[in-house]
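Everything below concerns the one structure shown next.
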Amino acid sequence: MHTQDNTAPAARLAQLRHAMREQRIDALIVPSADPHLSEYLPGRWQGREWLSGFTGSVGTFIATADFAGVWTDARYWTQAETELAGSGVQLMKIPSGASVLYIDWLAANLTAGQSVAVDGAVLGLATARLLERALAGAGVALRSDIDLLDAVWRERPGLPEGAVFEHLPPHAALPRAAKLAALRAAMAQHGAERHIVSTLDDIAYLFNLRGADVPYNPVFLAHALIEPQRATLFVAEAKVAPALRAALAADGVELAPYAAMPAALAALPSGATLLLDPRRVTFGTRAAVPAGVGVVEAVNPSTFAKSRKTAAEAEHVRRTMEQDGAALCEFFAWLEAALAAPRAPLSELDVDRELCAARARRPGFVSPSFATIAGFRANGAIMHYRATEAAHAAIEGDGLLLIDSGGQYLGGTTDITRVVPVGAITAEQRRDFTLVLKGVIALSSAHFPRATKSPMLDALARAPLWAAGADFGHGTGHGVGYFLNVHEGPQSISPSTAPEPHTAMQEGMITSIEPGLYRPGRWGIRIENLVLNVAAGSGEFGDFLRFETLTLCPIDARCIDPALLRADELDWLNAYHATVRARLAPLLSGAALAWLNTRTEAL
């Protein structure tokens, strides 16, 4: 990667400080968030990136009169150091599991009588409570009624205008009315007759609707208020065609303007009880609820419902994985032939382009599920690296090429990482690769009691690396949506996630398994499959679950040191490759089929 021109962030910072002085604001927080607390943001809410130049998906920007910094975690440190160089914005490193460290910094660095501003419309309620408590203890005032970006960001994007469309049978396996009925039953168990939902994937799931307002996620900007006899969808009316509007009305779903949600909450009758999720609504949304309305705080019931894929949905995902795997075989066959041909060297950008083209030829494909990571040599050690026209590497000489990619299909969401050798690779690289593979196999082979807290499984994937004195600085696994967000909860296989009750593993959940090993400046290795929680029998000690590996693509044996694998690990790998060959061969021919057969030969 190359250091970028950071004159723009420096100039924007000067404008921002002028606006802060005018408003008598001593510190400004710009979180990576929108009114829905989304992971990937529409352009309008990418203010942290606009101000700082740091393009990672996670980070918090803070400016004072004489300081500016971005707090981010280990996945982005190398990227942030490059992108922030010369901008006047410091990288503030967050250790694993300390995502609100910037709150402590504010409390320690501001003095009594000063003020901190943040747009309450994009500040998560749970975070706001921590912030209020810390600042109050330091005698610092919190202002949440101002969006200072509007004063300095003159070309700020408007709201996205893409159309909303219906996710239809057979891929939408449960009808909208059934999902809303199940939600109302869950609301009743909480003693609430009303429920506000702001998270976009929950809304898309509940109403069997999809959109294109957020890059890589098939969601649309909306809030939803569910009541006993009706549900109101707060969405720009022009986004919903008349026929779809009529279909929604038939299921008791009314439309209201996107901006009307706070007023609807403010109009709730005194004595009503509202269910909300404090981790999934903003400070501004909570502030709109009148004092006379009772509030029950709990995880959105839809978070659980959408994580537990039905048998029909799981079957659609299996078929989707076959199509995705076939696209990958075509891509890797092309890659090996292109690398062997006497021509100008390939670049990381070529990888992205060809991979997307291979997926686009497959039935049901809609879009990539995230920006492809194609990192050669040292770029593979940057966990969320992204090649750009301005900064990318040629793929020539010797080294490891890491490719993390995925697709959105009508029948599911995919996410896979593979590492392939280019030219000659070293014994140390093979050792590292094999250690990561041992971690994948260890967790993929696990049996565990139903309702095991998902973070507790993390050590299974790390144990082979720990035994060799190695580790990696990210979680082992995240939940994956069903033609929805590539990252979803409630499960998370990560040491930075607290093992709370809502993280329990249940049948039907889809999760990634993706340990890695990164040597900055040299190479990076990550192997990722998606797995499905399936029943593994019951007995005297209760019900057990195991993982069914869903992802279908060979793991490159040229990177393996077989001497480091036990017999049972070799058996797992050979059985996996036999399954991959049997499932994908009927979809392939020619060079892609030949590549599949070569790469699935038993060790």
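Quick rundown of the values:
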{"read-out": "Some residue of region 258-273 being touching a Lys or Arg at 6+ places or on another chain (Cβ under 7 Å) and open to solvent by less than 10 Å² (accessible area, probe 1.4 Å)", "value": "yes"}
{"read-out": "Matching residues, region 404-418, being in a strand (DSSP E or B), touching a helix residue (DSSP H, G or I) at 6+ places or on another chain (Cβ under 6 Å) and either free of Cβ contacts under 8 Å to residues at least 40 places away in the same chain or at negative phi (or both)", "value": "405, 407, 409"}
{"read-out": "Unmet requirement for residue 190, which otherwise passes all of (1) open to solvent by less than 10 Å² (accessible area, probe 1.4 Å); (2) in contact with a Leu (Cβ under 7 Å, 6 or more places away or on another chain)", "value": "(1)"}
{"read-out": "Qualifying position, being assigned to a loop (DSSP other than H, G, I, E, B) and either open to solvent by 30 Å² or more (accessible area, probe 1.4 Å) or under 18 Å from residue 321 (Cα atoms) (or both), among 584, 603, 570", "value": "603"}
{"read-out": "Filter result for the condition that a residue is assigned to a helix (DSSP H, G or I), over 18 Å from residue 30 (Cβ atoms) and open to solvent by less than 70 Å² (accessible area, probe 1.4 Å), over 127, 82", "value": "82"}
{"read-out": "Residue within region 478-492 that is modelled with pLDDT under 95 and among the small types (Gly, Ala, Ser) present", "value": "yes"}
{"read-out": "Selected residue (criterion: surrounded by the most Cβ atoms within 10 Å (Cβ to Cβ)) from residues of region 437-469 that are small (Gly, Ala, Ser) and not in a helix (DSSP H, G or I)", "value": "446"}
{"read-out": "Those residues of region 423-435 which are open to solvent by 10 Å² or more (accessible area, probe 1.4 Å) and not in a loop (DSSP other than H, G, I, E, B), in sequence order", "value": "427, 428, 429, 430, 431, 435"}
{"read-out": "Hits in region 526-561 (condition: touching a helix residue (DSSP H, G or I) at 6+ places or on another chain (Cβ under 7 Å), open to solvent by 40 Å² or more (accessible area, probe 1.4 Å) and not charged (D, E, K, R))", "value": "none"}
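Yes or no, residue by residue, for (1) modelled with pLDDT under 95; (2) of a type in the set (Ser, Thr, Tyr); (3) open to solvent by less than 50 Å² (accessible area, probe 1.4 Å); (4) under 24 Å from the mean Cα position of the chain (by Cα):
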residue: 340; (1), (2), (3), (4): yes, no, no, no
residue: 368; (1), (2), (3), (4): no, no, yes, yes
residue: 374; (1), (2), (3), (4): no, no, yes, yes
residue: 400; (1), (2), (3), (4): no, no, yes, no
residue: 403; (1), (2), (3), (4): no, no, yes, yes
residue: 410; (1), (2), (3), (4): no, no, no, yes
residue: 413; (1), (2), (3), (4): no, yes, yes, yes
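Conditions (1) open to solvent by 40 Å² or more (accessible area, probe 1.4 Å); (2) in contact with a helix residue (DSSP H, G or I) (Cβ under 6 Å, 6 or more places away or on another chain); (3) not in a loop (DSSP other than H, G, I, E, B), marked per residue:
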| site | (1), (2), (3) |
| --- | --- |
| 508 | no, no, no |
| 511 | no, no, yes |
| 517 | no, yes, yes |
| 524 | no, yes, yes |
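The values are calculated or read from the model by the stated rules, or taken from the named source; none is laboratory data. Please read these numbers as outputs of a predicted model, since none were measured by experiment. FYI the Cβ positions are ideal-geometry reconstructions off the backbone, even for glycines, and counts take in every protein chain you see. Only protein heavy atoms, including side chains, enter the accessible area calculation; ligands, DNA and RNA are left aside. Shrake-Rupley method; radii C 1.70, N 1.55, O 1.52, S 1.80 Å.
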